[in-house]
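Before any comments, here is the structure.
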Amino acid sequence: MAITSSAKKALRAGEKKRVFNLRTKAAIDVPLKKFRKFIIENKVKEAKELIPTLYKALDKAAKRNFIKKNTSSRYKSRIMAAVKKLG
């Protein structure tokens, strides 16, 4: 357990950040999982409908330094490549 006041404050801040990080991770992972499922099942229309949601989540995560900008770009590139591959 934290002893100094600064360590206690850091612990409180970490708990608050954890909530935001979990929410951001879910905002990326849940639609990405659905997208991959649609790609496997060859449901191009449904996959294309998820693209704006994914892009928004990735851009927001990159803006808030949850993921790096290049990581976001790589995800977006692979999403579009998967859609184009199906047709």
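The values are calculated or read from the model by the stated rules, or taken from the named source; none is laboratory data. Only a predicted model underlies this, so the values are computations on that prediction, with no experimental measurement involved. FYI the Cβ positions are ideal-geometry reconstructions off the backbone, even for glycines, and counts take in every protein chain you see.
Among all positions in segment 35-55, there is at least one residue which is on the phi > 0 side of the Ramachandran plot and surrounded by fewer than 18 Cβ atoms within 10 Å (Cβ to Cβ). Just one of the numbered conditions (1) loosely packed, with under 14 Cβ neighbours inside 10 Å; (2) in contact (Cβ under 8 Å) with a residue 24 or more places away in the chain is not true of residue 8: (2). Selection of first residues in segment 51-71 that are over 17 Å from residue 18 (Cα atoms) and of second residues that are among the hydroxyl-bearing types (Ser, Thr, Tyr) and at pLDDT 95 or above, restricted to Cβ pairs under 6 Å at least 6 apart or on distinct chains, gives the following pairs, ordered by first then second residue: 58/72; 58/75. Might you check whether a residue that is assigned to a helix (DSSP H, G or I), over 16 Å from the mean Cα position of the chain (by Cα), under 22 Å from residue 63 (Cβ atoms) and at pLDDT 95 or above occurs anywhere in segment 16-31? Taking every residue of segment 16-31 in turn, at least one turns out to be assigned to a helix (DSSP H, G or I), over 16 Å from the mean Cα position of the chain (by Cα), under 22 Å from residue 63 (Cβ atoms) and at pLDDT 95 or above.
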